[in-house]
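Q: I am attaching a structure below and will ask some questions about it afterwards.
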Amino acid sequence: MTAIKESSTIQENKQYALEKCPVTYVMEKIGGYWKPIILYHLSEGSRRYSELKRAIPAVSEKMLIQHLKQLEADNLVIREAKPVVPPYVTYRLSPAGKGLMPVIHAMAEWAFKDKENGFTS
């Protein structure tokens, strides 16, 4: 993978947008196809990896692991490993992740209304 040149114009523009635009900031945290879906499923409570995989069968293992790590790095998800054999790992929303739930639930509510009105593609 190619390294990103931090002093590039694109990176400067991206940083400016992150600082000035709250929507850009949110999309940087939850953007992508799988992150909002993962957050939605964690809104129901703490989940093990296998429970998330079952709840979101279309996601590949690689993508689920990658997005869980990114959500953890962005302090939206807390990963808790229990010191037992076999390892027992759970994921749950952090306080910041819980703060996003009105947004995630609004997205779900909009989708249900859109489907009811027959506006789906």
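Q: Roughly speaking, what is the stretch gain from GLU72 to ALA58, that is 0.36 nm per residue apart minus the C-alpha to C-alpha distance, in nm to one decimal? Display every interim value, and only then the final one.
A: Numbers: separation 14, 0.36 × 14 = 5.04 nm, distance 2.12 nm.
Using 0.36 nm per residue and subtracting the Cα-Cα distance, I get 2.9 nm.
Q: Moving on to the next point. Quickly rank 74-80, 85-91 as a protection proxy: mean count of other C-beta atoms within 10 Å, highest first.
A: Numbers: 74-80: 16.0, 85-91: 11.4.
Ranking the peptides 74-80, 85-91 by packing returns 74-80, 85-91.
Q: Would you work out what percent of the accessible area of the chain, with all protein chains in place, is carbon or sulfur (probe 1.4 Å)? It would help to have the intermediate numbers written out before the result.
A: Working: 5070 of 8740 Å².
Reported share for carbon and sulfur atoms: 58 percent.
Q: Using packing as a proxy for protection, rank 47-54, 64-71, 105-112, 33-40 so that the peptide with the highest average count of other Cβ atoms within 10 Å comes first. Provide the component values of the computation, followed by the final result.
A: Numbers: 47-54: 14.5, 64-71: 17.2, 105-112: 11.0, 33-40: 19.1.
Packing order, densest peptide first, comes out as 33-40, 64-71, 47-54, 105-112.
Q: Here is a follow-up. If you keep only loop residues by DSSP, which trypsin sites (Lys or Arg not before Pro) in the stretch 11-44 have at most 13 other Cβ atoms within 10 Å of their Cβ? Don't skip to the answer; put the middle values down first.
A: Details: sites: LYS14, LYS20, LYS29; in loops: none.
For trypsin sites (Lys or Arg not before Pro) across the stretch 11-44 that sit outside H, G, I, E and B with at most 13 neighbouring Cβ atoms in 10 Å, the list is empty.
Q: Right, next: In square angstrom, what is the accessible area per residue of the chain with a 1.4 angstrom probe? Please report the intermediate quantities before stating the final value.
A: Working: 8740 Å² over 121 residues.
On a per-residue basis, the chain sits at 72 Å².
Q: Here's a follow-up. Determine the dipole magnitude for the chain: charges of +1 sit on the beta-carbon of Lys and Arg, -1 on that of Asp and Glu, nothing else is charged, the reference point is the Cα centre, and the result goes in debye to the nearest 20. Each step should come with its number before you reach the end.
A: Values: 17 positive and 13 negative charges, 71 e Å.
Using Cβ point charges on Lys, Arg, Asp and Glu, the chain gives about 340 debye.
Q: Charges on Cβ only, +1 for Lys and Arg, -1 for Asp and Glu, centred on the Cα centroid of the chain; of GLY97, LEU76, MET63, which one is farthest towards the dipole's positive end?
A: MET63
Q: Restricting to lysines 8 or more places apart or on different chains, can you count the pairs in the chain with Cα atoms under 14 Å from each other?
A: 9
The values are calculated or read from the model by the stated rules, or taken from the named source; none is laboratory data. Model, not experiment: these values are computed from the prediction. Note: ideal-geometry Cβ built from the backbone for every residue, glycine included; neighbour counts use all protein chains shown. We work out accessible area using only protein heavy atoms, side chains counted, and drop any ligands, DNA or RNA first. Shrake-Rupley method; radii C 1.70, N 1.55, O 1.52, S 1.80 Å.
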